[in-house]
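For reference, the structure is listed below as structure tokens.
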Amino acid sequence: MNWGSASEFFAMGGYGFYVWGSFGVTAAALLIETLLVKKRLGDTRRLLRRELAADRESQD
Amino acid sequence: MSQPLINWFKFASPASFYPLAGKLWPWFAALATAFAAAGLWISFFVAPTDFQQGEGYRIIFIHVPASWMSMFIYCVMAFWSAIGIGFNTRLSGMMSSALAPTGALFAFLSLWTGALWGKPMWGAWWVWDARLTSELILLFLYLGYIALTAAIDDPRRADKAGAIVSLVGVINVPIIYFSVKWWNTLHQGASVSMTKAPTMAATMLWGMLLMALAFWMYSIAVALYRVRAIILERERHATWVAELPEMQR
């Protein structure tokens, strides 16, 4: 174990800004990408469902 | 003629790849989470403090895997592009476009974490050095691919144009890899290579490899998810799309 306390862990031996800036932005970027692809598939499905419903209505 | 065990060409059709990708992505997402948990644990709690760089070196656990992924994803894009040009398969172009944003993201993260590592260790966020510049070119190649394919309305023609960009641009990948050998550079040489024993502690190496596996599984999961959206967007007028269970109300 490398850390005596939580504050020591967050300080990262004085490199806190650089280490957390790296890990934080990476985590945020991967999370945002995940949300964006989820939204993209959801939006596409919703749009296609609406189009198909409109097609069915115009055929009736 | 004997029947092959799996008919691979079956999965080259978007109609059968769409449900397959839907079944596969959760497994890769689960693997990514597991590898990331193990990798982060080793990165912060098992790997010892570096005797030269103190705790600052821990950036290596995402910097190196992100850089590897940015180069590897580009090679996979070039592979799909070659298949697309050679066999004229529709799915290949969709796979390339599904990979490009993730590859661009890892190229950006490689530069970002590199800047945050360079500042405390070299005293500069950025230097115009062979390794850094060729990685920046890789980011621009990804962005160029995305912009070019987005600018062409006909998806099949967009795929062809994008395939040419990725096949020409793939020359840059070995340039990045060997840049630290070919030119005098501030960037350190490879810590891990195929031919020599790694020049780092075993726990550090394990942390890096686990994070690389996590990024790898993440990339596969997110690309499979994105390719489903791309398939639906492009095949919207096909009968099989109208017959999908999620399209019924």
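None of the figures in this text is laboratory data; all of them are computed from the coordinates on show. Note that this is a predicted model, so its numbers are computed, not measured. Backbone-built Cβ (ideal geometry, glycine too); neighbour counts: all protein chains shown.
Below, the figures for the structure above:
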item	result
Between helix B:60-87 and chain B: long-axis angle, C-alpha atoms, 0 to 90°, nearest 10	30 degrees
Acute angle (nearest 10 degrees) that the helix A:16-59 long axis makes with the longest principal axis of chain A, alpha-carbon atoms	10 degrees
Inter-chain Cβ neighbour average for residues B:218-224, partner chain, 10 Å	2
Degrees, to the nearest 10: B:202-234 long Cα axis against longest axis of chain B	30 degrees
Size descriptor, Kirkwood hydrodynamic radius, that averages inverse alpha-carbon separations across the protein assembly as shown, Å	21.3 Å
Unit charges at the beta carbon, dipole of chain B: most positive-side option, B:Ala82, B:Leu148, B:Met71	B:Ala82
Among A:Gly13, A:Gly24, A:Gly42, residue whose mean-square fluctuation peaks in a GNM of chain A (springs only between Cα atoms under 10 Å)	A:Gly13
Nearest-0.05 FRET efficiency for B:Ala151 and A:Leu31, computed from C-beta distance (R0 22 Å)	0.15
